[in-house]
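Encoded as structure tokens, the structure appears first; notes follow it.
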Amino acid sequence: MSLDLRLSSVLHMLLHLSSSKRPLSSQELAMDLGTHAVVIRRTLGSLRQRGYVRSGKGNGGGWSMACDPAAITLNDVHRALGAHSVLALGHRRETPVCTAEQAVHQALDQAFSEAENSFTDRLDRMTLAGLLTACGGSPDGLRTASSSQLPCGPG
């Protein structure tokens, strides 16, 4: 089973954008995340529609933050990405015939709902600014001292 890494990846990108003094190109972000620039543009496009980031074209263009990181919760980002389920669990059959399987569905559905609600409630209490503080907090806190390259690299 493959994991959905979009939320983690997008939060990573947003931290770099929040700490950067200049716009970052799709190519820079793609190299950092080990993906293609088209994936970055498509992903950040959904955040641009919500007003979280902006993009500029041409020399000196790229992606930058469009609002205060303190105004963006992690759940805002999760919703912007489609708010996919965090659980990789499901039912054996969509419409169970057996009463035992119906009981299993009911119990699991309640547990799934509680887990999802707990996750989104927690994300609602966390902001991008809080993550920025946790990883250095200064405008250049996420950059190497001698380079304009993003310090993370793919992987």
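From 15, 81, which residue is buried (at least 18 other Cβ atoms within 10 Å of the Cβ), of a type outside the set (D, E, K, R), touching a residue at least 12 places away in the same chain (Cβ under 8 Å) and closer than 28 Å to residue 124 by Cα? Step through it out loud before you land on a result.
Values: 81 fails: buried (at least 18 other Cβ atoms within 10 Å of the Cβ).
Among 15, 81, only 15 is buried (at least 18 other Cβ atoms within 10 Å of the Cβ), of a type outside the set (D, E, K, R), touching a residue at least 12 places away in the same chain (Cβ under 8 Å) and closer than 28 Å to residue 124 by Cα.
So residue 85 ticks every box in (1) at pLDDT below 90; (2) over 14 Å from the mean Cα position of the chain (by Cα) but one. Which box is left unticked?
(2)
If residue 129 meets every condition in (1) of a type outside the set (Val, Ile, Thr); (2) under 17 Å from residue 12 (Cβ atoms); (3) at pLDDT 90 or above; (4) in contact with a His (Cβ under 9 Å, 6 or more places away or on another chain) apart from one, which number is that one?
Going through the list (1) of a type outside the set (Val, Ile, Thr); (2) under 17 Å from residue 12 (Cβ atoms); (3) at pLDDT 90 or above; (4) in contact with a His (Cβ under 9 Å, 6 or more places away or on another chain), residue 129 breaks only (4).
Which residue pairs have Cβ atoms under 8 Å apart, sit 6 or more places apart or on different chains, and have a first residue in the stretch 88-113 that is of a type in the set (Lys, Arg) and a second that is not in a loop (DSSP other than H, G, I, E, B)?
Listed pairs, sorted by first residue: 92/101; 93/101.
Condition first: in contact with a strand residue (DSSP E or B) (Cβ under 9 Å, 6 or more places away or on another chain) and either surrounded by 14 or more Cβ atoms within 10 Å (Cβ to Cβ) or in a loop (DSSP other than H, G, I, E, B) (or both). Can you find one or more residues in the stretch 89-108 that meet it? Walk me through it before giving the result.
Step one: list which residues in the stretch 89-108 are in contact with a strand residue (DSSP E or B) (Cβ under 9 Å, 6 or more places away or on another chain), which gives none.
No - not one qualifying residue is present in the stretch 89-108.
Exactly one of these conditions fails for residue 115: (1) surrounded by fewer than 11 Cβ atoms within 10 Å (Cβ to Cβ); (2) more than 17 Å from the chain's Cα centre (by Cα); (3) not in a loop (DSSP other than H, G, I, E, B). Give me its number.
So the condition that residue 115 fails would be (1).
Restricting to the stretch 44-68, count the residues that are surrounded by fewer than 16 Cβ atoms within 10 Å (Cβ to Cβ) and either more than 15 Å from residue 26 (Cβ to Cβ) or of a type in the set (Val, Ile, Thr) (or both).
Residues that pass the stated criteria total 6.
Taking the stretch 29-42 as the region of interest, how many residues are surrounded by fewer than 20 Cβ atoms within 10 Å (Cβ to Cβ) and either of a type outside the set (A, V, I, L, M, F, W, C) or over 14 Å from the mean Cα position of the chain (by Cα) (or both)?
Step one: of the stretch 29-42, the residues surrounded by fewer than 20 Cβ atoms within 10 Å (Cβ to Cβ) are 30-31, 34-39, 41-42.
Restricting the remaining residues to those that are either of a type outside the set (A, V, I, L, M, F, W, C) or over 14 Å from the mean Cα position of the chain (by Cα) (or both) gives 30-31, 34-38, 41-42.
Residues that pass the stated criteria total 9.
Give me a count of the residues in the stretch 41-76 that are in contact (Cβ under 8 Å) with a residue 60 or more places away in the chain and either in contact with a Lys or Arg (Cβ under 9 Å, 6 or more places away or on another chain) or more than 17 Å from residue 17 (Cβ to Cβ) (or both).
Residues flagged as in contact (Cβ under 8 Å) with a residue 60 or more places away in the chain and either in contact with a Lys or Arg (Cβ under 9 Å, 6 or more places away or on another chain) or more than 17 Å from residue 17 (Cβ to Cβ) (or both) within the stretch 41-76 amount to 1.
The values are calculated or read from the model by the stated rules, or taken from the named source; none is laboratory data. Every value quoted in this text rests on a predicted model; they were computed, and no experiment measured them. Methodologically, a virtual Cβ is constructed for each residue, glycine included, from the backbone with ideal geometry; neighbour enumeration extends over all protein chains shown.
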